[in-house]
Amino acid sequence: MKNLHCQLSSLKSDVHFKDQLFSFIVKSLAFLFISLFFSMAVIIFFKAWPAFKEFGFSFFTNSVWDSWKQEFGALALIYGTLLSSLLALLIAVPVSIALALFLNEIAPRWLSVSLGFIVEMLAAIPSIVYGLWGLFILAPFLREHVQPFLSLHFGGLPLFSGPYYGIGMMCAGLILAIMIIPTISSLCKEVFRAVPHANKEAVLSLGTTRWEMFKVAILKGGMSGIIGAIVLGFGRAFGETMAVTMVIGNKVGLSSSLFAPSQTMASVLATQYAEADTRLHLASLTAAGFTLFIVSLLFNSLSILFLWKMKKNIKT
Amino acid sequence: MSFKKGKMKQKTLIEVKALSAWFKKSQALSNINLLIEKNKVTAIIGPSGCGKSTFIRCLNRLHEEVEGAYLKGEVILEGKNIYDLGSDPVLIRRNIGMVFQKPNPFPGMSIYDNVAIGLKLSGIKKRSLLDERVERSLRNAALWKEVKDHLSRSGQSLSGGQQQRLCIARALAVNPSVMLMDEPTSALEPISTAWIEELIQKLKNQVTVVFVTHNMQQAARVSDRIAFFLNGELVEFNKTSWFFTKPKHSKSEDYITGRF
Amino acid sequence: MSVKLFDERLNELKSLIASMGGCVEQMLKEASMIIFQKQADKEKLYRVIRDREIEIDSLQVKLGKYCFRLLAVQSPVAKDLRMILSIIATNTSLERMGDLSLNIAKRGRDLKEDPLLETSLHCLEEMLIHISLMVVDCLDAFINEDENLARQVIIQDRKADDLKEKICFELKSCILKNTKLIDTCLQLVGVAEKLERIGDQATNIAEEVVFLQTGMDIKHQQQK
């Protein structure tokens with residue numbers, strides 16, 4: 001009896017040891033990852049510190065970025081980043097919502113499945129391929145057909161004034177839009193799918209058209225989810241580097257015209273990091289990177305918050 | 001329940017003629033013939049999967065909203081077949097309210113908006129008229145006293161029973177002549193259930209109620225007429241008092257006495 | 001409670017009814033011995049009958065309690081409901097029959113003999129046999145849920161009424177012949193009356209059987 005007891009307790013402690021080992025491994029991996037994240041933020045900040053020290057807050061308000069004069073201000077970059085992302089959203093949001101509605105509510109099952117698959121595939125294409133496509137097909141197309149038309153008819157507007165080259169803000173916005181449509185639409189699709197069937201039927205049973213049903217049951221009910229999807233898409237567009245670098249023209253400057261070439265925080269990093277020779281230039285680039293890091297972080301957490309809220313909302 | 005023998009001739013509101021319904025290839029209803037009387041409560045009972053829900057969803061053309069679903073036959077409401085080629089399901093549904101199994105106030109909408117949404121969608125914009133109709137519907141659904149001081153709160157902040165009454169108010173707001181209820185109390189506890197049952201009894205003066213229930217006692221308590229479905233067929237349609245004392249069909253008897 | 005258990009309870013109730021019915025049948029038999037068998041020990045038989053009546057009373061209380069509980073717990077519908085309702089009605093009828101039988105036995109115990117009463121007694125015996133048969137039949141009909149037998153019992157009730165009329169007529173002529181017999185004759189009229197009431201109760205039970213089977217109440221229809 002006593003023997004058995006001993007055996008059992010040794011077995012138990014053995015099990016406990018394995019448990020402890022396992023939990024130690026898991027915990028340390030998780031901790032490692034989290035600390036990696038924080039160390040990244042800290043290291044980037046310290047590398048960027050000389051620039052912040054040199055220019056102070058004017059780093060964010062100065063639009064001059066000149067490596068010759070060693071004067072660096074990120075305003076034009078922030079402007080370029082925001083404008084290209086907003087432009088992308090402006091195009092992508094209606095298209096994505098319409099696409100998600102079509103896939104979820106209107107298309108027959110086979111079409112919905114296959115088309116949905118293709119849309120998800122679009123998200124898997126490397127951004128450099130988009131960049132190439134933008135550079136060789138979209139930009140010439142814009143230059144030959146779209147921009148002359150806009151310039152001719154709406155040239156009076158500041159948006160469509162000035163010379164056009166194909167590449168530039170407009171092209172970057174379009175490419176970004178195409179790139180974030182899969183993200184937004186597939187998230188919206190999930191949001192719409194989470195709307196209980198009975199809710200849709202309840203709206204229909206009030207005597208509404210299908211469109212009114214979409215509006216009331218799906219769009220209104222899933223609003224926070226849709227906003228989450230949009231914010232996430234915005235975050236993607238914000239940080240996109242390669243494709244934008246290839247089509248935006250890479251010329252620092254504040255211009256109201258969509259035809260003008262521009263520069264984003266990401267693209268300036270991609271183009272100038274290799275050739276940055278002074279400490280200040282390097283630090284300024286890192287400072288732009290840090291800004292990008294913080295802002296993308298903000299948008300991502302915001303989108304997660306919205307999606308989380310939506311899930312809680314619909315569950316009831 | 002009344003023991004008096006009604007001498008008045010009952011008016012038929014809905015006449016179902018040779019109705020059959022399918023989901024893709026499987027038949028859910030076969031050849032249903034039924035008369036639903038005006039201002040009476042008709043309960044649809046039967047075991048799971050017997051076509052009860054499908055039947056009431058055929059009455060407001062919701063059946064066709066499911067992919068692969070179709071039907072044959074006629075449903076004549078107030079003298080007009082709702083499945084006529086020219087008839088518009090949107091207009092038909094305005095005349096037929098529906099309440100679902102799970103209380104489902106629309107998310108992101110206040111109590112007021114939940115009730116007013118049907119009115120707004122049907123084109124009523126005048127605030128005073130909306131206010132009046134919302135209040136009337138909430139009163140009819142016996143919810144007004146509980147919510148009148150916080151109409152702007154979210155509909156989902158209410159308790160389950162209140163939510164279901166809100167859904168009833170929402171359906172009542174557009175003044176339907178028929179109210180369909182698909183197991184309206186199956187997600188509620190006994191007290192809320194009793195509230196809803198009482199409400200159904202009160203409502204029958206204004207609307208004709210057709211409801212599906214799994215609870216036989218509830219059907220006995222609330223309804224005037226019983227339709228017993230089995231395997232997609234209508235086995236018996238009878239007065240409730242008769243159905244629960246001397247059913248015509250032995251299958252009905254077996255079902256209600258639990259010898260199934 | 002499961003359906004099976006409920007069915008078992010119903011069967012228990014039915015067997016209680018059967019044993020009550022058995023008591024009534026025995027009481028009628030013993031009462032007839034008191035009245036018609038001259039050599040019988042009337043006092044002892046009367047005591048037996050009285051004990052049976054007490055047993056019936058206790059059975060009635062028990063049955064009533066069971067039915068009450070089943071109604072509360074099961075809320076039966078359709079045939080189950082009709083079954084319990086008819087058991088309750090039958091229960092009451094049987095208890096009444098027991099009371100009436102005891103009353104007959106009491107009158108029989110104190111009966112005085114007289115040759116003039118021969119024909120009346122003969123008629124009375126015929127009636128008693130007829131009533132006993134009705135009781136047996138209505139109980140059989142109830143236990144076997146036999147609607148046809150029940151309807152026969154209802155028809156038989158008319159004959160019981162006729163027999164009672166006949167007995168009364170006979171007794172009247174006895175009184176006219178010898179006024180000293182008036183007390184005995186009145187007792188015998190009483191016996192006939194009670195027997196007729198037992199017949200009515202048997203008819204009630206038969207009507208319950210028809211109700212149980214068809215859901216229709218056929219009481220008070222013959223008069224119309």
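We did not get these values from a lab; they are worked out from the coordinates using the rules stated. Keep in mind that this is a model prediction, so the values were computed, not measured. Cβ atoms come from the backbone with ideal geometry, glycine included; neighbour counts cover every protein chain shown.
For peptide B:89-100, the mean count of partner chain Cβ atoms within 10 Å of a residue's Cβ comes to 4. Annotation: amide H-H contacts under 5 Å for B:Val99 (H modelled 1.01 Å from N, sequence separation of 5 or more, or interchain): B:Leu180, B:Met181, B:Asp182.
Report note on the peptides B:14-20, C:131-137: ranked by the mean count of other C-beta atoms within 10 Å, highest first, their order is C:131-137, B:14-20. About its Cα centre, how strong a charge dipole does the protein assembly as shown have in debye, to the nearest 20, once Lys and Arg get +1 and Asp and Glu get -1 at the Cβ? Its charge dipole is roughly 1700 debye.
Note on B:60-70: average number of Cβ atoms from other chains within 10 Å of each residue's Cβ is 2.
Of the peptides C:5-12, B:171-178, C:150-157, the ranking by mean beta-carbon count within 10 Å, highest at the top, reads B:171-178, C:150-157, C:5-12. Extent along the principal axes, Cα only, for the protein assembly as shown: 156, 88, 51 Å, with the longest axis given first. Excluding C:Gln60 itself, calculate the net charge of residues whose Cβ lies under 12 Å from the Cβ of C:Gln60, where each Lys or Arg counts +1 and each Asp or Glu counts -1. So the environment of C:Gln60 carries a net charge of -2.
Averaged over peptide A:213-220, the number of partner chain Cβ atoms lying within 10 Å of each residue's Cβ comes to 3. What angle, in degrees between 0 and 90 and rounded to the nearest 10, separates the Cα long axis of helix B:111-121 from the longest principal axis of the Cα atoms of chain B? It is inclined by approximately 70 degrees. Each of A:Val195, A:Phe154, A:Ile294 was placed along the dipole of chain A (beta-carbon charges, centred on the mean Cα), and the one lying farthest toward the positive end is A:Val195. The packing ranking of peptides A:149-159, B:131-141, highest mean first, is B:131-141, A:149-159, where packing means the average number of other beta carbon atoms within 10 angstrom of each residue. Neighbours of A:Ser151 by Cβ distance under 14 Å: Lys/Arg scored +1, Asp/Glu scored -1, total 0. When the charge dipole of the protein assembly as shown is built from unit charges on Cβ atoms (+1 for Lys and Arg, -1 for Asp and Glu) and taken about the Cα centre, the candidate among C:Gly98, B:Leu59, C:Ile167 whose Cα reaches farthest toward its positive end is B:Leu59. Of the residues C:Lys164, C:Lys44, C:Lys172, the one that moves most in a GNM of chain C with alpha-carbon contacts below 10 Å is C:Lys44. The residues packed around C:Glu165, meaning those with a beta-carbon under 12 Å from its beta-carbon, carry a net charge of 0 if Lys and Arg are +1 and Asp and Glu are -1.
Under the membrane-span-like helix rule (DSSP H runs whose alpha carbons stretch at least 27 Å along the helix axis, mean Kyte-Doolittle hydropathy 0.5 or higher), chain C yields C:118-144. If r is the Cβ-Cβ distance from A:Ser35 to A:Val146 and R0 is 41 Å, what FRET efficiency results, to the nearest 0.05? Computed FRET efficiency for A:Ser35 and A:Val146 comes out at 0.25. Backbone phi angles across the range A:22-39, fed through the Karplus curve with coefficients 6.51, -1.76 and 1.60 (θ = phi - 60°), yield HN-Hα couplings of 4, 5, 5, 4, 4, 4, 5, 5, 4, 5, 4, 5, 5, 5, 4, 4, 5, 5 Hz in residue order; Gly and Pro are listed as x. Going from the fewest other Cβ atoms within 10 Å to the most, the residues C:Met33, B:Met181, C:Met216 appear in the order C:Met216, C:Met33, B:Met181. Think of each Lys and Arg Cβ as +1 and each Asp and Glu Cβ as -1; about the Cα centre, that makes the dipole of the range B:1-158 roughly 540 debye.
In a reduced charge model with +1 at each Lys and Arg Cβ and -1 at each Asp and Glu Cβ, the range C:35-184 shows a dipole moment near 400 debye about its Cα centre. Here's the picture: charge each Lys and Arg Cβ at +1 and each Asp and Glu Cβ at -1 in the protein assembly as shown, and of A:His145, B:Cys50, A:Thr61 the one pushed furthest to the positive end of that dipole is A:Thr61.
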